[in-house]
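Peer 1: Dropping the structure in here first, questions after.
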Amino acid sequence: MRKLLLKKKWLFLISFLVIITDQASKAIATAFLSHNTTRIIIPNLIGFRLIRNTGAAFSLFTQSTEFLTLLSLLVCRLLLVVAKV
């Protein structure tokens, strides 16, 4: 029982850290980058550009935010059931 509780805590901690990191990186990008302009960090090596994608990977399901939200919630629920949390 104790191992299961420890496993749950780690799962939630890692999930929380991933979500916080994701949201923080998005906030930083929108604060410091303007749309479709490149900010060069190291010439010819590293640059950042803000591009908005309203769909999933490779712009799949563009303009289907509600569907993607529902799908994400269902997948999260499935993972919780499989992990027996």
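Every number here is computed from the coordinates shown, using simple stated rules; none is lab data. Remember, predicted model here, so these are calculated numbers, not experimental data.
Peer 1: If one takes the longest principal axis of the Cα atoms in the chain, at what angle in degrees, from 0 to 90 and to the nearest 10, does the Cα axis of helix 2-32 lie?
Peer 2: Value to nearest ten degrees: 20.
Peer 1: Could you quote the convex hull projected area for the chain, Cα atoms only and averaged over all directions, in nm²?
Peer 2: 8.0
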